[in-house]
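Accompanying notes for the structure given below.
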Amino acid sequence: MRVAIPHHCQAREGAVGHGALRREEGMHRAIALARCLGGVLALARGEQEQILAIAEERIIGAPAPAYPARRLPGVWVDCHVFVNGEACRHDVLAAFERRITVHRLALEDPMQLPAAARDFLLHEAAPPADLSLYLEDDLVIGDRLYADKLLWFCERTDHRFALMPHRYELTGVVSTPRLFVDGPLDPGYLGGFQEAGEGVAQGRFWDGQEVSFDLASNPHSGSFALSRPQVRRLKEERLEAREFVGPLETVATGTVLAAFPVLKPGWAWRDFLLLEHAHPSFLAYRFGTIG
């Protein structure tokens, strides 16, 4: 799988809103980026794995895994991070430098960085990977079968739909620890892209669990994943991203909506595919501090 992550960190006095511009939270940005990269790189696995036999002071082969159930024999992760000049967390990138490729661009408008990462992933990198994943730099994958689930879905639907995860923030409240931040959009606005629908598809994943999928009432997740046939369709038909909410959302979501209806696991099955938003920006709604 190939991954493209736009990363921008340039604190400004008094800036609020988008995490990349929040002056007071530089360390939080660093932690979120490190967790994002760590989660992506942790998806890698090979057909062969090794064990350090401490008593014998040698490395031995590990037995084939039996848990969790999986069909992909291995996952190779090709991770690319896109930065604009020096506006980035150099310390975090240096910690991962042997496992990622950093693309240092010189853009007059840093808001174009996500589009540059997306364009590399879908149009410049060749050949297309089995799975192409675009990910904002504060999103964390905690599921070792994340790639397996996405490819399973694409194959089961004959590559006609895109699957998005549910995105949540950790609240710190024991009774309600997770706030899912991509709730239903206004139907009037959503209708310009797709009509929401519950239970439009069902499937049994490799582990035997049945999952129900909805035509998403909010297709945005700050991320997208497309299979090789889906990337080829975008390239061959020269489909342009549809304007969706704002520039960042257009890259992450409008790119996919140009060609594919977006499904998400039904809310009761939300744990099937998740992303953590590790630099929270929606908790103010939860704690009533908006405005």
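Only the coordinates and a few stated rules stand behind these numbers; no lab work does. It should be emphasised that the depicted structure is a prediction, and the values quoted were computed from it without experimental measurement. Glycine also receives a Cβ, built like all others from the backbone with ideal geometry; neighbour counts cover every protein chain displayed.
Overview of results
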quantity: 222 nm mean residue ellipticity, helices alone, for the chain (DSSP H n ≥ 4; -39,500 (n - 2.57); rounded to 500); calculated: -5500 deg cm²/dmol
quantity: Relative packing of peptides 42-51, 252-261 - highest average C-beta neighbours within 10 Å first; calculated: 252-261, 42-51
quantity: Size of electric dipole in the chain: Cβ of Lys, Arg +1 and of Asp, Glu -1, about Cα centre, debye, nearest 20; calculated: 320
quantity: Among 136-147, 263-274, 164-175, the order from most to least packed when residues are scored by Cβ within 10 Å on average; calculated: 136-147, 263-274, 164-175
quantity: Cα-only Debye scattering, region 60-128: base-10 log of I(q)/I(0) at q = 0.19, 0.23 Å⁻¹; calculated: -0.87, -1.06
quantity: Charge tally in the Cβ shell below 10 Å around Gly266, where Lys, Arg are +1 and Asp, Glu are -1, Gly266 excluded; calculated: 0
quantity: Of the DSSP H helices in the chain, those whose Cα atoms cover at least 20 Å axially and whose Kyte score averages -0.5 or more; calculated: 26-41
quantity: All-pairs alpha carbon distance profile, region 139-239, 10 Å steps from 0, percent; calculated: 12, 37, 39, 10, 1
quantity: The chain: translational diffusion in µm²/s, Stokes-Einstein, Kirkwood Rh over Cα pairs, 4 °C, 1.567 mPa s; calculated: 64
quantity: Tensor-based shape of region 189-289 (alpha-carbon gyration tensor, a/c under 1.5 rounded, otherwise prolate or oblate); calculated: oblate
quantity: Residues whose placed amide H lies under 5 Å from that of Arg178, excluding near-sequence neighbours; calculated: Thr171
quantity: Charge context of Gln230, other residues only, Cβ under 14 angstrom, K/R +1, D/E -1; calculated: +3
quantity: For region 117-163, alpha-carbon Rg relative to the globular expectation (2.2 N^0.38 Å, N residues); calculated: 1.26
quantity: Share of alpha-carbon pairs per 10 Å distance bin for region 71-190, given as whole %; calculated: 9, 30, 36, 22, 2
quantity: Equivalent ellipsoid semi-axes - Cα gyration tensor, region 232-291, angstrom; calculated: 29, 18, 9
